[in-house]
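A short worksheet on the structure shown next.
The values are calculated or read from the model by the stated rules, or taken from the named source; none is laboratory data. Quick caveat: nothing in here was measured; it's all calculated off a predicted structure. Ideal geometry is used to build each Cβ from the backbone, glycine not excepted, and the neighbour counts take in all protein chains shown.
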Amino acid sequence: MLYREAGQFKTDYASDQAIFPILQDRIGLAVILAVAILLPFANNDFLTNAVMIPFMIFTLAAIGLNLLTGYTGLLSLGTGAFMGVGAYACYKLTSIFPNVNILIWVLCSGFFAAAVGTVFGLPSLRIKGFYLAIATLAAQFFLEWCFIRVSWLYNYNISGAIEVPQRTLFGIIVTGPRATAETRYYIVLGFLVLMTWAASNVVHGRIGRSWMAVRDMDIAAELMGIRLLPTKLLAFAVSSFYCGVAGALMVFLWYGGAEPTVFNINQSFTILFMIIIGGLGSLLGAYLGAALIFILPIVLRFAPEVLGLHIHAATVEHITYITTGVLIIFFLIAEPAGLARLWQVGKQKLRVWPFPY
Amino acid sequence: MRAPTNGPDVAAGDVLLAVENVSLSFGGVRAVSDVSFDIRKGEIRAIIGPNGAGKTSMLNVINGFYHPQEGRITFKGQTRPKMRPYEAADGGIARTFQNVALFRGMTALDNIMAGRSLKMNKSFFWQLLRYGPAMQEEVEHRARVEEIIDFLKIQEIRRIPVGRLPYGLQKRVELGRALAMEPELLLLDEPMAGMNLEEKEDMSRFILDVNDHYGTTIALIEHDMGVVMDLSDRVVVLDHGEKIADGTPDEIKSNQAVIDAYLGVAH
Ligand SMILES: Nc1ncnc2c1ncn2[C@@H]1O[C@H](COP(=O)(O)OP(=O)(O)OP(=O)(O)O)[C@@H](O)[C@H]1O
Ligand SMILES: [Mg+2]
């Protein structure tokens, strides 16, 4: 089918304000969703467990950071720590109240992360850019220190790590070593879909516009009555909420346990790279960035095997690193605004094809 | 060119905003010194003066972006030593900037919609769902914004990120964003700078229409004397931060101090 909007007239502002006004986009979205729902029927545990679950969790964290950095223009290096707050909060909550449904605690852990994120967002009224990044770096180190030193957080485990207990939902095991990959996949998918939908709603409305206004020209925004501090703090809160939920999901539905190092500065940088390459200020960008940084290396690692080449494992590892690096640089040169922008430009070309404009 | 609102009825109009003995300095630089003037309801008030005279600083004082060290500001009957940005916006003061200050990454439509932020108040919860009251509010305000888009004839560029628009159109979108606030007092800082003749005529038309149809009071900084003389009801002249003249365009045209300071200088 041709990618055209011809004949699709909007008769009221409600439908013109829709997030996917073009029919073909909605069909594409439905197809992707259907594939995502049917994926576990492929019965490939590696695909669900080692590729899709982490990909979706990274995407969620990337959406979170993108709300703050991409949409509101506040650079943060504390993503890893905010994810950690979610994970530890979830762990403590389910230890103290084991009978409350674990999914409720996953969601609640987001609120803990939001609260912590808001506190560390306070300096953003006064400082911007790299200086703010340094302030969030302080949050990163402080919280990391807490994860290691405050043994109450990991129930005084000798190992200093948290181990995810078994929890059930309607009699189905959802966390712990005996939870199946399918179950965990569907739960993570559910969180991702709902939270992407919510994020999309927020960024397309008044709040999203005030975030972008603050990002693009804070003086003008202020003189239009957009209060800077509440706007920035809300961005910190919502962003940290997303990161917190992602962190809780990461430990409870992917790793099954975690050491404090999971939430170190490297995690912050990984998520930041995802949104830079995917596209700042774009939800699609979070998906594309997470795919490029997380899935691409996996594909590359298996490529020689599939192609029937016999290369030493260590060599494959090196080639993977090099290729990923080269591709990242290539994409950044081709479109510094990220993959999402590349996708949009392509779509625009398709819309007017075969004419150049 | 401009007949109906000129004349005694305006001269007798209520004062919407008055600045009294306002002084503002940055370190050693005195940007505004002891300036007093008023803006009456419904008039177009021009503020002119050579480069660096303190015109932009004056607007910044009026909408609370700069806080003067001395003086008082009376807006809608309330006197205070300084305005605050939120207070000014909430009280109905909107503004365009000398160097376009649009939200570059946002579309023209979103820029103008952002101008309605203060009038939109549906809670975060409804925003999350983008449903019910939030959607209703969004559609209502979109309708008002479309009126502004039609008025400014920028229908074609709605969906384009403003950073990619030519300068003249950016200025127009910025006016639209200010109009979206439905201001009582509109501050325009060189709205026609860098425009060609045709664009200037369009912009003049828009300014007059806003003033006539919506009764919006306008304070206008402009270097083009022809435009100032055509549009404004009264003119205040600043030079080196001081007020050197205040009066109707005709009075200003023949004022010797103004001619010395400003009109004599080639631009
Ligand atoms: N934020 C600031 N910090 C320091 N000095 C400033 C600041 N803003 C303005 N000034 C100084 O105040 C004086 C008046 O500047 P202002 O921008 O108000 O002039 P203007 O009349 O708008 O000039 P132009 O026609 O060039 O726009 C200038 O000497 C300027 O350097
Ligand atoms: Mg100026």
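Summary of computed values
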read-out: Which numbered condition B:Glu174 misses (of (1) within 16 Å of ligand 2 (Cβ to nearest atom); (2) more than 14 Å from chain A (Cβ to nearest Cβ); (3) in a helix (DSSP H, G or I)); value: (2)
read-out: The stretch A:13-30 residues that are under 12 Å from B:Met135 (Cα atoms) and within 12 Å of chain B (Cβ to nearest Cβ), paired with ones that are part of a helix (DSSP H, G or I) and acidic (Asp, Glu) (beta carbon under 7 Å, 6 or more apart); value: A:Gln17/B:Glu138
read-out: Qualifying residue in the stretch A:295-316 (condition: on the phi < 0 side of the Ramachandran plot, assigned to a helix (DSSP H, G or I) and crowded, with 24+ Cβ neighbours inside 10 Å); value: no
read-out: Index of the failed condition, B:Gly28 passing every other in (1) within 16 Å of ligand 2 (Cβ to nearest atom); (2) at pLDDT below 95; value: (1)
read-out: Conditions (1) facing another protein chain (nearest Cβ under 9 Å); (2) at pLDDT 95 or above: number failed by B:Lys122; value: (2)
read-out: Which listed residue is crowded, with 24+ Cβ neighbours inside 10 Å, at pLDDT 95 or above and more than 7 Å from chain B (Cβ to nearest Cβ), from A:Ser210, A:Ser239; value: A:Ser239
read-out: Selection status of B:Asn121, in contact with a Lys or Arg (Cβ under 6 Å, 6 or more places away or on another chain), away from ligand 2 (no atom under 16 Å from the Cβ) and among the polar types (S, T, N, Q); value: no
read-out: Yes/no for B:Leu179 being within 15 Å of the chain's Cα centre (by Cα), away from ligand 1 (no atom under 16 Å from the Cβ), surrounded by fewer than 18 Cβ atoms within 10 Å (Cβ to Cβ) and of a type in the set (A, V, I, L, M); value: no
read-out: First in the stretch B:13-29 and in contact (Cβ under 8 Å) with a residue 24 or more places away in the chain and exposed (fewer than 15 other Cβ atoms within 10 Å of the Cβ), second anywhere and of a type outside the set (Phe, Trp, Tyr) and assigned to a strand (DSSP E or B), Cβ under 6 Å, 6 or more apart; value: B:Val15/B:Asp38; B:Val15/B:Arg40; B:Asn21/B:Asp34; B:Asn21/B:Ser36; B:Asn21/B:Gly71
read-out: Residue that is farthest from ligand 2 (Cβ to nearest atom), among those in the stretch B:47-56 that are buried (at least 24 other Cβ atoms within 10 Å of the Cβ) and under 13 Å from the mean Cα position of the chain (by Cα); value: B:Ile47
read-out: Considering residues of the stretch B:224-241 that are in a strand (DSSP E or B) and either of a type in the set (A, V, I, L, M, F, W, C) or within 14 Å of chain A (Cβ to nearest Cβ) (or both) only, the residue nearest to ligand 2 (Cβ to nearest atom); value: B:Leu238
read-out: Meets criteria (surrounded by fewer than 21 Cβ atoms within 10 Å (Cβ to Cβ) and within 14 Å of another protein chain (Cβ to nearest Cβ)) for A:Thr168; value: no
read-out: Matching residues, the stretch B:229-241, being under 12 Å from B:Ala257 (Cα atoms) and of a type outside the set (A, V, I, L, M, F, W, C); value: B:Asp239
read-out: Qualifying residues in the stretch A:86-133 (those that are outside any helix (DSSP H, G or I) and in contact (Cβ under 8 Å) with a residue 12 or more places away in the chain) - the one nearest to A:Leu169 (Cα to Cα); value: A:Asn101
read-out: Number of the condition not met by B:Glu156 [criteria: (1) crowded, with 18+ Cβ neighbours inside 10 Å; (2) without any contact (Cβ under 8 Å) to a residue 12 or more places away in the chain]; value: (1)
read-out: Close pairs (8 angstrom Cβ cut-off, 6 or more residues apart or separate chains): on the phi < 0 side of the Ramachandran plot in the stretch B:50-70, part of a helix (DSSP H, G or I) and near ligand 1 (Cβ under 7 Å from one of its atoms) anywhere; value: B:Tyr66/B:Ser57
read-out: The stretch B:194-217 - residue that is part of a loop (DSSP other than H, G, I, E, B) and more than 13 Å from B:Leu175 (Cβ to Cβ) and, of those, farthest from ligand 2 (Cβ to nearest atom); value: B:Gly215
read-out: Where B:Asp110 falls short, out of the listed (1) in contact with a Lys or Arg (Cβ under 8 Å, 6 or more places away or on another chain); (2) without any contact (Cβ under 8 Å) to a residue 60 or more places away in the chain; (3) more than 16 Å from ligand 2 (Cβ to nearest atom); (4) more than 7 Å from chain A (Cβ to nearest Cβ); value: (4)
read-out: Selection from the stretch A:78-93 of residues that are crowded, with 24+ Cβ neighbours inside 10 Å and either under 27 Å from B:Phe103 (Cα atoms) or of a type outside the set (Phe, Trp, Tyr) (or both); value: A:Gly78, A:Thr79, A:Gly80, A:Ala81, A:Met83, A:Gly84, A:Val85, A:Gly86, A:Ala87, A:Ala89, A:Cys90
read-out: Hey, B:Arg95 more than 21 Å from B:Glu182 (Cβ to Cβ) and not in a helix (DSSP H, G or I) or not; value: no
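Every residue, every condition in (1) touching a helix residue (DSSP H, G or I) at 6+ places or on another chain (Cβ under 9 Å); (2) surrounded by fewer than 24 Cβ atoms within 10 Å (Cβ to Cβ), yes or no:
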| position | (1), (2) |
| --- | --- |
| A:Leu39 | yes, yes |
| A:Thr48 | yes, yes |
| A:Ile63 | yes, no |
| A:Asn66 | yes, no |
| A:Gly70 | yes, no |
| A:Val100 | yes, yes |
| A:Gly129 | no, yes |
| A:Phe141 | yes, yes |
| A:Ile148 | yes, yes |
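Each row is one residue, and each column tells you yes or no for (1) modelled with pLDDT of 95 or more; (2) small (Gly, Ala, Ser).
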site	(1), (2)
B:Gly215	no, yes
B:Ile221	yes, no
B:Gly226	no, yes
B:Ile244	no, no
B:Pro249	no, no
B:Gln256	no, no
B:Ile259	no, no
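Residues are listed down the side, and each one gets a yes or a no for (1) within 14 Å of chain A (Cβ to nearest Cβ); (2) aromatic (Phe, Trp, Tyr); (3) more than 16 Å from ligand 1 (Cβ to nearest atom):
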position: B:Pro161; (1), (2), (3): yes, no, yes
position: B:Leu169; (1), (2), (3): no, no, yes
position: B:Lys200; (1), (2), (3): no, no, yes
position: B:Asn211; (1), (2), (3): no, no, yes
position: B:Glu222; (1), (2), (3): no, no, no
position: B:Thr248; (1), (2), (3): no, no, yes
